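The structure under discussion appears below in the form of structure tokens.
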Amino acid sequence: MKTSIPVTEIVYGAMGTADVQKANAKEFEMALQDYVMEDTKDMKNVTESYVYDMRDKLSDIYQEFVTDSERENFIAKLQEMEDWLYEDREDETRGVYISKIEELKKQGDLIKQQYKEYTERAEKKKFVNAKAEAFDRVCRPIITKPKPATPNTPSCQSPQRGEKQPLSEETPNAGNANATIGTSAGSEVPPVAKPI
């Protein structure tokens, strides 16, 4: 014989559905606050790094691309920003750091752009010079190769097709139309037979 026994589940310390939703919302809010704090701290570090990096480069690779007065003015702004960063800035937002770094970049990016254009121009010039040198190595021997001597006397020129070679007076058998150039004085060439 079967008997149904009623069972009631009682969990001590359990949260109701409304309490679980409130806890989830609170957890999300805390995670968002952590994210905002970390993001703000990262932006502060970016601003600080920009100050140090730009100040070093103004005395090094950017030195030729800025006048002395502009450099001194910009270094003073960078120092002012560094002092501001080291004050108590716990409550500053990410947006404040973004606006501060953008203010510095207005002047810094112009210098950076001039440096970039100069280095790119130097690289292009180096590339073109290398190509010109390679071209010169290949073409120089062809351009400077001596040309063959052209004959000056008419006797050295070969007759054109259909022209008869003129006989000089010094040639033996000059009066003989059948004489061959270069034959010796003692040898005679038989006359050419006429065609039938």
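Every number here is computed from the coordinates shown, using simple stated rules; none is lab data. In this text the structure is predicted, and so the values were computed from the model without any measurement. Methodologically, a virtual Cβ is constructed for each residue, glycine included, from the backbone with ideal geometry; neighbour enumeration extends over all protein chains shown.
Listing for the model above:
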| quantity | calculated |
| --- | --- |
| Burial order of peptide ranges 53-61, 128-136 (average beta-carbon count within 10 Å, highest first) | 53-61, 128-136 |
| Point-to-point label distance, Asp109-Lys131, nm (Cα→Cβ direction, 7 Å offset) | 3.2 |
| Order by protection proxy (mean Cβ within 10 Å, highest first), peptides 66-76, 107-117, 2-12 | 107-117, 66-76, 2-12 |
| Per-pair calculated FRET efficiency, R0 = 35 Å: Asp53 and Lys124 via Cβ, rounded to 0.05 | 0.85 |
| Per-pair calculated FRET efficiency, R0 = 41 Å: Thr8 and Leu32 via Cβ, rounded to 0.05 | 0.55 |
| Length released on extending from Thr67 to Gln79, taking residue separation times 0.36 nm less the Cα-Cα span | 2.5 nm |
| Shape parameters for segment 17-144, alpha-carbon atoms, Rg then Dmax in Å | 25.4, 96 |
| Cα centroid separation - segment 74-92 against segment 102-123, whole Å | 23 |
